[in-house]
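The values are calculated or read from the model by the stated rules, or taken from the named source; none is laboratory data. The shown structure was predicted, so the numbers you read here are calculated from the model rather than taken from an experiment. In this analysis, Cβ positions are derived from the backbone assuming ideal geometry, glycine residues included, and neighbour counts consider all displayed protein chains.
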Amino acid sequence: MSMNNSSITGIILAGGKATRLDGRDKGLLVMKGQPLIARKIEQLRSVGLQILIVTNTPQNYRKFDEDMIPDLVTDIGPIGGIFSGLTHSQTHLNFITAVDMPYFSETIFQALLKATTRTLSPATLFEHSGGIEPLFALYSKDCIPIFDTFIHQKRYRLSECIHALKGLSIPISTEKAGNLFVNVNTAQDLGVHE
């Protein structure tokens, strides 16, 4: 099965509370002269993806002129953002990432896509020494019913939901992943990666 990347939506989760940043919007933090949201949009556009931002503060992102939607269920963490993005996406296959993950690798993204199209897995995620990485992953709309069930049962642990999806996990070494799965939770984190 061959796939044009324009038939994939890049869903950026930008709805975190940023409690360790005094409530400042992580997506607007500047790294290497560019807001994290602009950096993430540029990365996803570079591989030809459509863009959808899941945010409960759309006023902060209007100037980036991308499609935005709110969480369908608020204050439940990334499980809610993924569910909202998948539900609103116009494409069957979707790349999920977070605004506070400043790094991207086209080579590793293409490996993820190749594994997904080869196996037709409902979800394809990398697994490394730290565990499964749910926010640099491909999810199909076939995952929606499982996310919906978990949310209705008030089971918000993303790791449990991911396990129930029975997706494909691809091993990746720490050396190969490098900074790919780093996320910015504090101003100090941002300073380290500046």
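Got a sec? Which of THR124, THR91 is buried (at least 17 other Cβ atoms within 10 Å of the Cβ), of a type outside the set (Gly, Ala, Ser) and within 30 Å of GLU175 (Cβ to Cβ)?
Working: THR91 fails: within 30 Å of GLU175 (Cβ to Cβ).
Of THR124, THR91, the one residue that is buried (at least 17 other Cβ atoms within 10 Å of the Cβ), of a type outside the set (Gly, Ala, Ser) and within 30 Å of GLU175 (Cβ to Cβ) is THR124.
Output the qualifying pairs, or none if there are none: Cβ atoms under 7 angstrom, residues six or more apart or on different chains, first residue in the stretch 83-100 and farther than 21 Å from ALA115 by Cα, second residue acidic (Asp, Glu) and assigned to a helix (DSSP H, G or I).
PHE83/ASP148
Please name all residue pairs, on different chains or six or more residues apart, with Cβ atoms under 7 Å, provided the first residue is in the stretch 32-57 and is free of Cβ contacts under 8 Å to residues at least 40 places away in the same chain and within 16 Å of TYR103 (Cβ to Cβ) and the second residue is part of a loop (DSSP other than H, G, I, E, B) and of a type in the set (A, V, I, L, M, F, W, C).
Close Cβ pairs satisfying both conditions: PRO35/LEU29.
Return only the number of the condition from (1) buried (at least 21 other Cβ atoms within 10 Å of the Cβ); (2) at pLDDT below 95 that LEU28 does not satisfy.
Against the list (1) buried (at least 21 other Cβ atoms within 10 Å of the Cβ); (2) at pLDDT below 95, LEU28 comes up short only on (1).
Among (1) closer than 18 Å to ILE51 by Cβ; (2) at pLDDT below 95, there is one condition GLY77 misses while meeting the rest; what is its number?
(1)
From the residues in the stretch 144-184 that are part of a loop (DSSP other than H, G, I, E, B) and of a type in the set (A, V, I, L, M), which one is surrounded by the most Cβ atoms within 10 Å (Cβ to Cβ)? Explain how you work it out, then say what you get.
Here is the first cut: in the stretch 144-184, the ones part of a loop (DSSP other than H, G, I, E, B) are 153-157, 166-167, 172-173, 178-184.
Filter once more, so that each one left must be of a type in the set (A, V, I, L, M): 172, 180, 182, 184.
Details: ILE172: 21, LEU180: 18, VAL182: 15, VAL184: 23.
For the stretch 144-184, the residue satisfying everything is VAL184.
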